[in-house]
Amino acid sequence: MSTQAQRAIAGRLAEIVDTDGYPDGLTVVDENRIRVAIWSGAAVRYYAADGTLVHDLDVPVQRATSCTFGGGLDTLFVTPASNGVDEPHAGTIFCASGLASGRPANEARAGLV
């Protein structure tokens, strides 16, 4: 997905200015709130359903790429970029618990052709 498309999607949910980094992967949290990994922003942002920034979760890398809930949907996993990145923790998977709960994934059934 292009950076322009990512900004358009995240821009409909919350305002993220270029100087703060760029929205990358996101996950839906309980009560329709979202967490967004911020590329070049060293953070995962937590937004309320109305687009209000609730808080930032700082991560020790500049290029957070994705975030998702796992475990019992109470642990947030954050993945950063590793290729072409010269940081000690590049490519390390980070986890945080006690922040909120994720939502179960929707099941999809696809027929084989």
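Listing for the model above:
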| item | result |
| --- | --- |
| From I93, I34, residue being more than 18 Å from A14 (Cβ to Cβ) and β-branched (V, I, T) | I93 |
| Every residue from the range 58-69 that is under 18 Å from V28 (Cβ atoms) and surrounded by fewer than 19 Cβ atoms within 10 Å (Cβ to Cβ) | T65, S66, T68 |
| Flag for A49 being assigned to a loop (DSSP other than H, G, I, E, B), among the aliphatic types (A, V, I, L, M) and either touching a residue at least 24 places away in the same chain (Cβ under 8 Å) or under 21 Å from A14 (Cα atoms) (or both) | yes |
| Every residue from the range 15-54 that is among the basic types (K, R) and buried (at least 20 other Cβ atoms within 10 Å of the Cβ) | R35, R45 |
| Residues that are assigned to a loop (DSSP other than H, G, I, E, B) and among the acidic types (D, E), drawn from the range 13-43 | E15 |
| All positions within the range 70-113 that are modelled with pLDDT under 90, part of a strand (DSSP E or B) and buried (at least 16 other Cβ atoms within 10 Å of the Cβ) | G102 |
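Every residue, every condition in (1) touching a strand residue (DSSP E or B) at 6+ places or on another chain (Cβ under 8 Å); (2) on the phi < 0 side of the Ramachandran plot, yes or no:
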| residue | (1), (2) |
| --- | --- |
| P23 | yes, yes |
| W39 | yes, yes |
| A48 | yes, yes |
| P80 | yes, yes |
| G84 | no, no |
| C95 | yes, yes |
| P104 | no, yes |
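The values are calculated or read from the model by the stated rules, or taken from the named source; none is laboratory data. Computed from a predicted structure; not experimentally measured. Every residue, glycine among them, receives a Cβ derived from its backbone with ideal geometry; neighbour counts consider all protein chains shown.
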